[in-house]
Amino acid sequence: MTPDIASGEAVSRRLDKWLWCARVFRTRQAAASFIEDRTVRLTRNGRTERIGKPGFGLKAGDEISLILADRPVAYRVRAFARRRGSGPQAAALFEVLTAT
């Protein structure tokens, strides 16, 4: 799997699809439901906002904050994938910003 950013093909990707490809959620529907029902915060260019729509367009460099299993987690978007791949391939899509 080659990240789209490296090949210059994709400039943005839907939030729900990126979370699914990055293996944060098992299904894309679970990612979409989480985004609609819970708080997902996006920081772009120093500005933070709440995202409530699964179709929101992410860009490389965006930071996403959410609470999973009662723990805050933050990711920096590094790249996008054409499709969901293995764990090591998914790990190339983001940088974890929070200590676990």
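Every number here is computed from the coordinates shown, using simple stated rules; none is lab data. These numbers were taken from a predicted model, which means no experiment stands behind them.
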What list of ³J(HN,Hα) values in whole Hz, one per residue of region 90-95 in order, does the Karplus curve 6.51 cos²θ - 1.76 cosθ + 1.60 (θ = phi - 60°) give from phi, with Gly and Pro shown as x? 5, 4, 6, 7, 8, 10
Which ³J(HN,Hα) values, rounded to whole Hz and listed in residue order, are derived for region 29-41 from phi using the Karplus coefficients 6.51, -1.76 and 1.60 in 6.51 cos²θ - 1.76 cosθ + 1.60 with θ = phi - 60°, glycine and proline given as x? 5, 5, 5, 5, 5, 4, 4, 6, 9, 10, 9, 10, 10
Here are a few candidate values for Cα Rg over 2.2 N^0.38 Å: [x] 2.00; [y] 0.98; [z] 1.22. Which one was actually calculated from the structure I just gave you? [y]
Most mobile listed residue (Ala79, Ala31, Ala22) in the chain, GNM with C-alpha springs under 10 Å: Ala31
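For the chain, what's the relative contact order in percent, using C-alpha pairs closer than 8 Å and at least 6 residues apart?
31
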